[in-house]
1. Can you work out the Karplus-derived ³J(HN,Hα) for every residue in segment 180-187? Use 6.51 cos²θ - 1.76 cosθ + 1.60 with θ = phi - 60°, whole Hz, and x for glycine or proline.
2. Determine the order of Trp502, Trp139 by accessible area, beginning with the largest, at a probe radius of 1.4 Å.
3. Please express the Cα-Cα pair-distance distribution P(r) of segment 568-610 as a list of whole percents, one per 10 Å bin, running from 0 to the bin with the greatest distance.
4. Provide the packing ranking of 556-565, 95-104, i.e. peptides ordered by the mean count of other C-beta atoms within 10 Å per residue, highest first.
5. Only helical DSSP H runs with n ≥ 4 go in: add -39500 (n - 2.57) per run for the chain, normalise by residue count and round the 222 nm mean residue ellipticity to 500 deg cm²/dmol.
6. Averaged across orientations, what area in nm² does the convex hull of the alpha carbons in segment 368-454 project?
7. Could you work out the local net charge near Ala186, counting Lys and Arg as +1, Asp and Glu as -1, over the other residues with Cβ closer than 11 Å to its Cβ?
8. Cβ neighbours within 10 Å, averaged per peptide: list 329-336, 232-239 in order, most packed at the top.
Amino acid sequence: MAANIGILKRPVSTEGVWGWITTVDHKRIGILYGVSAFIFFLIGGIEALLMRVQLAQPESTFVDAGTFNALFTMHGTTMVFMVVMPAGAAFFNFLVPLMIGARDVAFPRLNALSYWLFIFGAILMNFSFFKAAFPDVGWFGYAPLTTSEYTLSSSTDYWVLGLQIMGIGTTAAGFNFVITILNMRAPGMTLMRMPLFPWMTLIVSFLIIFAFPPLTIALTLLLFDRFFGTNFFDTAGAGADPLLWQHLFWIFGHPEVYILILPAMGIVSDVLPTFSRKPLFGYTTVVFAGAVIAFLGFGVWAHHMFTTGLGAWATAAFAGATMAIGVPTGVKVFNWLATLWGGSIQFKTPLLFALGFISMFMLGGLSGVMHAAVPVDTQQQDTYFIVAHFHYVLFGGSIFGLTAGIYYWFPKMTGRMLSERIGKWHFWLMFIGFNATFMPMHILGVLGMPRRVYTYSIDQNWAGLNLFVSIGAFIIAISIALLIVNIVRSVRKGEVAGMNPWAGATLEWAIPSPPPHYNFAMIPTVRSQHPLWDEEANAVEPPPLPEHGEPHMPDPSYWPIVVAFGITMVAGGLLIWQATTWVGLFVIAVSGFIGIRGIYGWVFEPVAEESAERVHAHH
């Protein structure tokens, strides 16, 4: 077809490796996100275990100071940007169209581009490993310490460019999901009939759209300082504000915390009603609380900076805002508990992880509200108490909630049930290991152990607790090994799941497991918040479908991965340019051409590539 301007014909086949590389199907992209996030979870976990081996005994020489800096930098960056965010995106991609009664997201190729930018950005950042220089500036990368005057290694450049590329993909996904949820809901599904998980996806997407630009600005300024000799963060030579980076980073960083936790809140809000056999208590309140959290999340960033000398008025204002944001969070916890109250509770694995989420997140939230009190924060700033706090929120909260989602929706994704017996072992080992790891860190913090120290002397009396913490970390590792065993076993020979194995109430349970390519042969009409439940919360069969053909869906496309590759290689060219000017410029020029050519091909790509194979299939 002339409109496709040659080179690459639009692919038709969805089989094999090329089928995955060129896919624009939201379900396949969701699985790609999920598998990628899990691989990075294992990498980030190994980095954590290496740190715990180093700290298990005083004056250990298992790793040196520089390696330890690189480990905590890459552990933090990996877990935030390459694990919890893409794991949330995996659920957004797979489930949101199914839960709102749509056949795909609004922009399927843009969705594929988001994934490829994420994975290429993550690979670029980790590629510094092959230059024997991991980023070692902390996941927060405080400038001016990250300027070339203080950080000579190019590893920081990989970190900056990798984050930029991942940020572009994430922002594109944010717009995609806002448009999908606002425009593509099934007939009759008003916003207040929508399940909680798509609601939290909508709120997270707005957070992404507004929170990522400050990070992009900060990274761009740092990039200009490091590559082109500007002075945005040059405090000594040009009188730059030493707090500029901190403000830009944390005005992104605090909404980012809610980008990481709200997906888990959405999962739990859908899991609890299914296993307590009653609707979510105070649905409207939970939705409103999520929106209030997102709004207030932009007004609390400087509580990360109470010890920087902001002055009494600023400190008081941010302390008050931090206390206020605990209120909608507390409202959600009471709604979840009220949902369980009086229900006929079924203690299946997804519910156990949801209960683990509520209890652990609540502890993390309480230690967070403690730090809204400035004197408490001042004492515990940069101690292990803070490490304990945010791991209770992000592991005890996000990871437990996301794991509840894995056990709950795995049958829908694969058509197979995960083993309940192995699942319960996984839960209890993870729960015990998690508390053994992070609860003693509160005590270590109060005893004065600073964050980010690679060793300590025996007379500081931290050895016993540190050994206990390290043992707990390996118990968590055993629990994750059980999850891998459970998934592999279930994919190969797990019990076949029907359409609705948990007797759930939402639309994704009205179609086969795994869902067909087009999701819904006929777009459903929704008349309540619980389309698959009757008045007594018993699951009802969806009405039988009349005779129907297969709906036409978008064909796969090469262009998203081509555009993502072009953008990533421009960043690669910048890195080469530092070492070899002309080679770098050549790579930038070629990569830029590939990217622009990809966008041109994307714009003029025909909606479908007619082929003899397809024409034959239609007759």
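1. After applying 6.51 cos²θ - 1.76 cosθ + 1.60, I find 4, 6, 6, 10, 10, 6, 4, x Hz.
2. Values: Trp502 20, Trp139 45 Å².
Highest to lowest solvent-accessible surface, that is Trp139, Trp502.
3. Reading upward from the zero bin: 32, 33, 20, 12, 3.
4. Values: 556-565: 22.3, 95-104: 24.6.
Highest-to-lowest ranking by the protection proxy: 95-104, 556-565.
5. Working: 20 runs with 390 residues, N = 619.
The helix-only estimate for the chain comes to -21500 deg cm²/dmol at 222 nm.
6. Working: hull surface 28.7 nm².
Over every viewing direction, the Cα hull of segment 368-454 projects on average to 7.2 nm².
7. Net local charge, Ala186 excluded: +4.
8. Numbers: 329-336: 18.8, 232-239: 14.6.
Sorting 329-336, 232-239 by mean packing, highest first, produces 329-336, 232-239.
The values are calculated or read from the model by the stated rules, or taken from the named source; none is laboratory data. The shown structure was predicted, so the numbers you read here are calculated from the model rather than taken from an experiment. Counting neighbours? That spans all protein chains shown, and the Cβs are built from the backbone with ideal geometry, glycine included. To get the accessible areas, we keep the full protein, side chains included, count just its heavy atoms, and leave off ligands, DNA and RNA. Shrake-Rupley method; radii C 1.70, N 1.55, O 1.52, S 1.80 Å.
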